[in-house]
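Here the structure is laid out as structure tokens; the discussion comes afterwards.
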């Protein structure tokens, strides 16, 4: 488990009733705890699992490479001979990336063939299956009698969904997928290949997508209902205004004004990936890596995983029924479970746990 | 090509007296001149039989028709110049019986007044080839087809050079033949277009024809899209340039490929195409054939998404369902999101896949060996850039001090009409200026004939008649709206049958002698 999970202030764990703060006379050195944490974290390293979903050709592999500035994924163009796979086969690639002594074990899961068939009914099932499978694995490790010290975390922390830049609105396939997946994992939708849209078209497209998401009650990351305090809310609102980000990926470098930048060179100009005036890739990168990486993991662990766990344990009747117990039989596929009920069940869970011990 | 065109020698049983009517001779387009005596009869399965052979042979007959048709225009002194014109539009077709006026249709021709066609001058935007072109968007000077228009353009007597209002009028109906006081025919030009939504189809149509057909279009919201089936929307525009009228019909297919389950999403489209063929078939077999409206789809622009790695299964499914019914011109949509290297790769990939899946897209006809080098070069370039990578734009932006159609990005301006940026100009030239007539020819000669043969065979098997060389009189089992007409038709059929029997008898007599 993540060493920072317990005590990080940004954690979305519901806070226990606050004890009144106490006046301190002199410097004690409590803040040195941060250094200790840092040393531990550096030793253990971090894990991050990301999944990219979208039709083929939307630049998923390129985007991953651009995000992590390394050849994480060799984009594979299917050969002429290979037929489009009938069922979706996910495959993952794991890399360890190191920067200034901090190690990150990055796992990228790709979903080739998503939405490519003529009949795309139920093309999201393999993906949901994979996500649940990872939760299951973690759960099994967790309920062992003698557990490992550090359970390997293969749960998907973030799912980046690539929306094709049609310029109109979300397609039925997108809506179906997002509805189902937002309940199980953090989803960050992005407008892929945004260099085919002008700035005005981008804005209109974005407005329409936001409208669609609202009208279908799809809560993408960062979820509004999981904001803990006003600071969070302010910060996240800014992000929510810009979701979905219009991104462009590139893994070639070009010379612009004497600088070497990542970009795409066309006959009418060079599209710089890291230039905020050109596309919103920096926003995506900041969200995923620089500011909210830990938050993504926390929410996955505290909310989505717990949901899954409750459902599973309910099914198998391992859950002791204490006060405040809510029957959470697995919801049928149609109804989205609102996060509010998640919090309720989480409270119930905690109470039940306390009772049990 | 399996169809005896003019058939002046044939008695005309069955499908009307085709050969006799001069108008119909003309109207047959590339077919008409075919009196090369290729035996008729329903065309069997073989489709692409539209070689140049019969045409060349029929040059004599064709001569009467004017310089129209590719490479057919022989025996014309002014051939050189005329050919440019004839290349696209059956210029001659309007001429009907006016060979002398053949010289220089203005629109979009090679522009040279006799002799070697010079470099193509700046063309007016919308050119309906044929008799001069009226510039729609105003602005651009220069004769239609360069010197052509100013040159000896002889307006057809009876037509007058009408300068109607500069703004493009209503979209023309598909395939509608307008007859002026003289024998002209205006080609109708139906186009279908298909491709997923959001690929810029409407924008491209706007750019091609400089009309805003979709001003009042309401984009469906996501909820409405979920229950959407593929619609067929027809828009007709009447375009006129320098006295040449074009009735253009654009058929749009919103909702294609949008749903989660897209199996058979092309069915409404195939049904529509078949419906138009059927309508034409009925009209053709009817009594009054002077005013047949040609609503058949002459060309289908298929928009391939640039975001894939080639053809998607939906693309393949659609093209295979329609390639025997209509001319498919594949395009790569929204090409401004691709760098040149990617475009090249994608084009190659698509060409390979088209071969691999055995899809018959529209092939540009070969140019004759006695064409000039310029033309051959252009032809080669055209073929090499298929499928065209196009960009459309509704907006005019300022680039290098000029106002051009384009898209304004923070990193640069994409000009739609810049050949280095995209193939839009090639597409426009191909569609309107050079190959319009050919597209219609192929539709008439190949696709429609296939359909007709198929239809007749079905009816034959139903009627259980023994097979004859001539096509049996089709008693159309389709519901006709008019009982009165039906009676008339039946009467006429009887008459024709009687005539046929008489003919047989006469033949017998001749043989006995």
| request: Can you figure out the FRET efficiency of residue B:395 with residue A:211, using R₀ = 22 Å and their beta-carbon distance, to the nearest 0.05? | output: 0.35
| What distance in nm separates the simple spin-label points at residue B:279 and residue B:380, each placed 7 Å from Cα in the Cβ direction? | 4.3 nm
| What is the average number of partner chain Cβ atoms found within 10 Å of a Cβ in A:265-277? | 5
| message | Neighbour counts of other C-beta atoms within 10 Å: give me A:271, A:151 arranged from fewest to most. | response | A:151, A:271
| task | Counting other beta carbons within 10 Å of each Cβ, put B:345, B:487 in order, fewest first. | result | B:487, B:345
| said: Let me make sure I get this right: for the range B:265-418, a, b and c are the square roots of the gyration tensor eigenvalues over alpha carbons, sorted descending. Under 1.5 in a/c it's rounded, otherwise prolate if a/b > b/c, else oblate. Which is it? | reply: prolate
| Can you sort A:19, B:270, A:111 by how many other beta carbons sit within 10 Å, fewest first? | A:19, B:270, A:111
| task | With a ≥ b ≥ c taken as the square roots of the eigenvalues of the C-alpha gyration tensor of the range B:245-285, please select rounded if a/c is under 1.5 and otherwise prolate if a/b is larger than b/c or oblate if it is not? | result | oblate
| What FRET efficiency, computed as 1/(1 + (r/R0)^6) with R0 = 60 Å and r the Cβ-Cβ distance, is obtained for residue A:30 and residue B:463, rounded to the nearest 0.05? | 0.05
| remark: Classified through the alpha carbon gyration tensor (a ≥ b ≥ c as square roots of its eigenvalues; rounded if a/c is under 1.5, else prolate when a/b is larger than b/c, else oblate), the range B:233-305 comes out oblate
| Peptides A:181-191, B:273-283 ordered by average Cβ neighbours within 10 Å, highest first | A:181-191, B:273-283
| request: Could you calculate the contour length gain from residue B:288 to residue B:342, that is, 0.36 nm times the residue separation minus the distance between their Cα atoms, to one decimal place in nm? | output: 14.1 nm
| note | With label points set 7 Å from each Cα along the Cα-to-Cβ direction at residue A:144 and residue A:121, the distance between them in nm comes to 4.2 nm
| said: Could you give the length gained by full extension between residue A:104 and residue A:224, i.e. 0.36 nm per residue of separation minus their alpha carbon distance, to one decimal place? | reply: 40.4 nm
| request: Mind checking B:305-311 for the average number of partner chain beta-carbons within 10 Å of each residue's beta-carbon? | output: 6
| query | Taking the Cα-to-Cβ direction at residue B:324 and at residue A:232 and moving 7 Å from each Cα, how far apart do the two end points lie in nm? | reply | 6.3 nm
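Just so you know, all these numbers are worked out from the coordinates, no wet-lab data involved. Keep in mind it's a predicted model, so treat the numbers as computed, not measured. Methodologically, a virtual Cβ is constructed for each residue, glycine included, from the backbone with ideal geometry; neighbour enumeration extends over all protein chains shown.
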